[in-house]
Amino acid sequence: MTDQVMETPPRGGAAAPGGNVQTVLLVDDEENILKALNRLLRREGYRVLATTSPMEAMDLVLEHPVAVVISDQRMPEVSGTELLAAIKEAAPDVVRVMLTGYADMEAAMDAINKGEVFRFITKPWQESDLVATVRQAALQHFLVTENRRLLQVTEEQNQRLQELNARLEEKVLERTRELEDRHRELQELHARLQTNFRDTVRVFVEIMELYDPFLGGHANRVAALARRLAERMGIEGVDLDLVEIGAALHDIGLIGAPKEVVKVPADRLTPAQQEIYRGHPALGQRLLKKIEFLRQAALLVRSHHERFDGQGFPDGLPGVAIPVGAMITHAASYLDGLVHREGVAPAKALERMSGLAGTVFDPEVVRVLAELVPAQAPPRKVVALPLEELEPGMRLAADIKTASGRFLVPRGTRLNEVQIMRLRNFHQVDPIAGRVRVSLED
């Protein structure tokens with residue numbers, strides 16, 4: 001079984017961030033072990049090479065772009081430690097993982113301490129742990145090779161600059177002016193793309209709000225809280241924006257679901273409604289990943305109902321494999337649902353979440369959230385305004401309903417121009433009862 005290769009589109013950790021399918025080499029003298037690992041890793045989308053011969057393994061490493069090698073420790077020809085040491089010498093970038101029984105634990109630890117092995121996997125293995133280990137090893141390989149590529153690019157650019165610097169000053173100045181003009185054009189293009197990006201997200205949230213006012217208000221509040229929580233946890237730059245966008249769109253998969261699924265807490269849904277609800281993270285990802293610049297946010301959307309103990313859905317990921325942005329979104333969404341859907345006081349909601357830290361939620365996320373929420377300044381006062389005096393940015397202190405009892409917008413929503421226009425249109429057909437209560441904040 002020397003070259004069992006399956007070319008499949010990457011899923012999960014099977015592709016490097018650059019998009020290339022990564023290759024895993026399996027070495028074990030027991031063919032049943034190779035077959036089991038082969039099936040598991042091919043399901044994950046990896047390109048798999050498998051052999052029972054350590055000598056042939058060396059040839060495969062030199063002939064193929066192997067990212068990770070998994071070798072058994074006890075083999076007739078040479079030990080796994082010896083094989084991995086030889087691979088380190090011949091192809092230092094290949095990430096080496098040892099497959100070992102408990103009796104060989106001392107040899108595995110010694111190999112790790114000497115720097116010849118990245119991780120070891122014990123027999124029998126847990127599939128989720130093995131997949132997570134391979135994913136981490138593949139990422140390590142990508143980071144090493146990508147760092148070298150970037151270094152080479154940097155060196156090439158420096159060499160080119162040195163050559164340009166050797167030319168006539170006039171030519172250098174001319175080229176500099178061209179580069180400055182091009183840089184300005186790229187900056188302007190980037191600014192337009194960022195504006196279009198934000199506008200697209202805003203349109204999605206407004207569509208959610210048109211479908212269900214609570215869903216739209218929930219999305220806006222969760223996005224704002226998730227961004228503040230991520231900032232407090234030290235997340236910056238594009239990663240911070242990614243958390244905010246993923247949080248804003250985390251429930252987009254609920255559009256079109258029965259209204260009871262949106263309005264009723266998850267633990268009170270019927271089995272049929274539960275099935276629809278549990279499907280919305282994966283549905284949301286399928287919708288968003290069709291748009292290239294939302295594919296990373298789509299991963300957070302898919303994972304925002306995963307649990308720290310691995311009992312969440314849709315994938316049952318353990319805490320170490322859940323994107324931190326998804327864990328932040330889960331906590332922010334749960335808190336907002338307790339406060340704004342069920343009317344639980346923030347302090348009581350946080351107390352309930354603290355009891356779920358380590359099972360449902362990441363304990364660190366809950367700890368930081370508990371520090372953040374009390375620090376939010378309460379409204380200075382609540383005033384009742386006529387519909388004509390509402391302005392974008394005002395936050396509702398009470399639900400808005402029409403005289404006939406139709407629910408329009410939930411309390412806690414920060415109004416925008418589209419919502420205000422819709423309220424005025426509704427008012428012409430079904431008048432809004434009384435004045436609108438809004439919070440005046442610092």
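Tell me the residue from G217, G246 that is modelled with pLDDT under 90 and part of a helix (DSSP H, G or I), please.
Going through G217, G246 in turn, the sole match is G217.
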Among the residues of the stretch 399-442, count how many are among the hydrophobic types (A, V, I, L, M, F, W, C), more than 19 Å from L215 (Cα to Cα) and in contact with a strand residue (DSSP E or B) (Cβ under 8 Å, 6 or more places away or on another chain). 6
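Of a type in the set (D, E, K, R), buried (at least 22 other Cβ atoms within 10 Å of the Cβ) and either farther than 19 Å from D251 by Cβ or touching a Gly at 6+ places or on another chain (Cβ under 7 Å) (or both): is that true of E306 in this structure?
Spelling it out, E306 is indeed of a type in the set (D, E, K, R), buried (at least 22 other Cβ atoms within 10 Å of the Cβ) and either farther than 19 Å from D251 by Cβ or touching a Gly at 6+ places or on another chain (Cβ under 7 Å) (or both).
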Scope the stretch 344-366; condition crowded, with 18+ Cβ neighbours inside 10 Å and assigned to a helix (DSSP H, G or I); matching residues: A349, L350, M353, V365, V366
If you scan the stretch 225-253, which residues turn out to be without any contact (Cβ under 8 Å) to a residue 40 or more places away in the chain and of a type in the set (A, V, I, L, M, F, W, C)? V238, L240
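Please specify each residue of the stretch 72-86 satisfying the condition of being buried (at least 23 other Cβ atoms within 10 Å of the Cβ), assigned to a helix (DSSP H, G or I) and at pLDDT 90 or above.
Answer for the stretch 72-86, where residues must be buried (at least 23 other Cβ atoms within 10 Å of the Cβ), assigned to a helix (DSSP H, G or I) and at pLDDT 90 or above: L83, L84.
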When you look at M327, is it within 13 Å of the chain's Cα centre (by Cα) and either at positive phi or surrounded by 18 or more Cβ atoms within 10 Å (Cβ to Cβ) (or both), yes or no? yes
Out of E174, E185, E209, sole residue that is surrounded by 10 or more Cβ atoms within 10 Å (Cβ to Cβ) and touching a Gly at 6+ places or on another chain (Cβ under 7 Å): E209
Within the stretch 44-59, track down each residue that is among the aliphatic types (A, V, I, L, M) and in a strand (DSSP E or B). V48, L49, A50
D336: of a type in the set (D, E), modelled with pLDDT of 90 or more and over 17 Å from the mean Cα position of the chain (by Cα), yes or no? yes
Selection count, the stretch 256-293, where residues are outside any helix (DSSP H, G or I) and surrounded by fewer than 17 Cβ atoms within 10 Å (Cβ to Cβ): 8
When restricted to L62, L40, the only residue within 22 Å of A132 (Cα to Cα) and either in a strand (DSSP E or B) or at pLDDT below 95 (or both) is L40
Hey, any hits in the stretch 170-180 for a residue that's outside any helix (DSSP H, G or I) and either farther than 19 Å from L84 by Cα or basic (K, R) (or both)? no
Among the candidates R135, R192, R167, residue that is in a helix (DSSP H, G or I), modelled with pLDDT under 90, surrounded by 10 or more Cβ atoms within 10 Å (Cβ to Cβ) and of a type outside the set (A, V, I, L, M, F, W, C): R192
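The values are calculated or read from the model by the stated rules, or taken from the named source; none is laboratory data. If you're wondering where the values come from, they're calculated on a predicted model, not measured in any experiment. Using ideal geometry, Cβ is built from the backbone for each residue, glycine included, and neighbour counts are taken over all protein chains shown.
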